[in-house]
Amino acid sequence: MSDSPWALRTTERSDRLGSAVTDRHSIGAGARLRARAAAVVLLALAPAVAGGAAPVLLVAIGDVTPTTAVVWARLGAEGEVTVDLKPAAGVSAKARLTVERRADFTGKRLLSGLKPATRYAWEAQGGGATVRGEFVTAPPHDAPAPVRFLWSGDLGGAGFCRRVDGGYRILRTMARSSPDFFLFVGDTIYADVKCDKPGVVPGADFVAATLPEFRARHRYQREDAAMQELLQATSVSAIWDDHEVRNDFSGPTEPRMPTGRRAFLEYWPITPPPAEPTRLYRKLRWGRLLEVFIVDTRQYRSANTELDGPAKTMLGAAQREWLVGNVSASTATWKVVVSSVPLSIPTGRPAARDSWSNASVYGTPQEGGTGFAVERDAILHDLRTRGVRNLVFLVADVHHAELVRHQPTPEWSFHEFVAGPLSAGFGRPRPLDEGLNPRSLFARGGVNNFGEITIEPAHLTVRLRDEEGAVLHTHTLTPDERRD
């Protein structure tokens, strides 16, 4: 076997997260530099999906950087899964290691030593099954390389689950567009809503309350053929919102939160730092043009019922400091913040707002509201005073598509782009929070949709697309713009 141009890094995962634990091998520094470029995961028996046999093998690649990627796999029978990666040019390689049986028969590895700006074809084998896919690594931090990626959220809400006659068809449309990566912006499952409408694949007609039930809801989504197509076509970076646990839940006050969080971490290619094994917020850099900051709006938040004020937080002190510091220090042209809940669209009930906004249904800011606008405005103030330009927020949650330009002060503006649902009950546009001085550039309800962003040195173009891929609206921004 030829030497690989990249090495495999294995990390030990916490029992309470149910993650795979590697068998440690004694290898010298020289051998580590020559480690092979693939991963093998030992996984265990998985139950069949009601209404049909489960796929034998599932694989996903996520959180890709110039030199690393996380590989995730689930096997339908005990055995080894080999994942071989082959660059478009260069030498392919394979490595073998085993992991213990845990985490609902899933496993994941952080792979390092990849080549930047390289398209990798991968082939996974296990249990007699073979799965193939591809992904592309990010360019070096100083490379002005174009990028095209997708975002959306809200999959399977209001019982609009996997259809017998084609599953989640919008995901197949997204897969065929071959994006560089996909940002899954929350509500990756609806654990608190039964999948019981006519014409849906059986197997999720229950509200999750236990760890096996939360795992089953994730498995139900992942076994959809269109979902598999998407995860074989590109890499994914996912974040949760509320329905991975319960509608509008508030972090520490929700007793099911640790269970839902554990299942979420088991089923997505995310590797938190060892010192913070439950951390979900993170950043991804794509050359000189783009840096993405994914925030966790759930596990640290104050109770929604609390009155807004300086002590109320959605992010928690550590994450807020991380966000402001990293966005302000970013040298990328475009700074994209992923928030599962919107900044300017009020959600929840007046007595328990769930998004950042305090506004009423008429968009008017309210004194004594229960949103998180004080923290939101403080974050925006810090970013503005630190000179951050070309700032875009990507959100989902409200089940309609919208592009918004905010200008909270005469000399500073930023954008908020809304996409979704992928498959859920439809929302509708509503008055925006006047406190941010918003202007809606486009709004459309009543359609499953996703967003597509293309960034080139001269501009950023956002397109909102429907389930068939038809363009609903296109808008282009130029760097450092002060007017649309």
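Under 11 Å from the Cβ of GLU306, count the other residues' Cβ atoms, weight Lys and Arg +1, Asp and Glu -1, and hand me the total.
Once all neighbours under 11 Å are counted, the net charge is +2.
Would you mind getting me the FRET efficiency between GLU411 and ALA470? Use the beta-carbon distance for r and R0 = 35 Å, nearest 0.05.
Details: r = 38 Å, r/R0 = 1.07.
So the FRET efficiency works out to roughly 0.40.
Given the Cα atoms of region 181-332, and with Rh set as the inverse mean 1/r over their pairs in the Kirkwood sense, what is Rg to Rh to two decimals? Before the final figure, lay out the partial values.
On the way: Rg = 16.8 Å, Rh = 16.9 Å.
Rg/Rh: 0.99.
Report the gain in length on full extension from ALA88 to SER178: 0.36 nm times residue separation, minus Cα-Cα distance, nm rounded to one decimal. Can you show the working numbers first?
Working: separation 90, 0.36 × 90 = 32.40 nm, distance 1.58 nm.
Value of the extension gain: 30.8 nm.
Of VAL395, ALA378, GLY420, which is farthest on the positive side of the dipole of region 377-422, counting Cα position, with +1 on Lys and Arg Cβ, -1 on Asp and Glu Cβ, and the Cα centre as origin?
Looking along the dipole axis, the top candidate is ALA378.
Put a dot 7 Å past each Cα toward the Cβ at ALA378 and THR331; how far apart are the dots in nm?
That separation, rounded to one decimal, is 3.1 nm.
Given 0.36 nm per residue, what is the gain on full extension from ALA303 to ALA143 after removing their alpha carbon distance, in nm?
On the way: separation 160, 0.36 × 160 = 57.60 nm, distance 4.28 nm.
Contour length minus the Cα-Cα distance gives 53.3 nm.
How much accessible surface does GLU467 have with a 1.4 Å probe, in Å² rounded to 10?
50
What is the log10 of I(q)/I(0) for region 378-484, computed with the Debye formula using one identical point scatterer on each Cα and no solvent, at q = 0.12, 0.13, 0.16, 0.25 Å⁻¹?
Here the Debye-derived log intensity ratios amount to -0.42, -0.49, -0.73, -1.39.
Given R₀ = 45 Å, what would the calculated FRET efficiency be for ALA458 paired with THR253, taking r from the Cβ atoms and rounding to 0.05? Before the final figure, lay out each step's value.
Details: r = 47 Å, r/R0 = 1.04.
That pair, ALA458 with THR253, gives E of 0.45.
Compute the distance from the alpha-carbon center of region 213-272 to that of region 126-168, in whole Å.
14
Give the cross-link partners of LYS283 among the lysines, using a straight C-alpha distance below 23 Å as the criterion and excluding same-chain residues fewer than 8 apart.
Within the straight-line cut-off, LYS283 pairs with LYS108, LYS115, LYS335.
May I ask you to derive the FRET efficiency for ALA53 and PHE426 from their Cβ-Cβ distance with R0 = 56 Å, giving the value to the nearest 0.05?
Numbers: r = 33 Å, r/R0 = 0.59.
E(calc), rounded to 0.05, equals 0.95.
The values are calculated or read from the model by the stated rules, or taken from the named source; none is laboratory data. From a predicted model like this one, the values you see are computed outputs, not experimental measurements. Glycine gets a Cβ as well: all are built from the backbone with ideal geometry, and neighbour counts include every protein chain shown. In case anyone asks, the SASA skips ligands and DNA or RNA and just uses the protein heavy atoms, side chains included. Shrake-Rupley method; radii C 1.70, N 1.55, O 1.52, S 1.80 Å.
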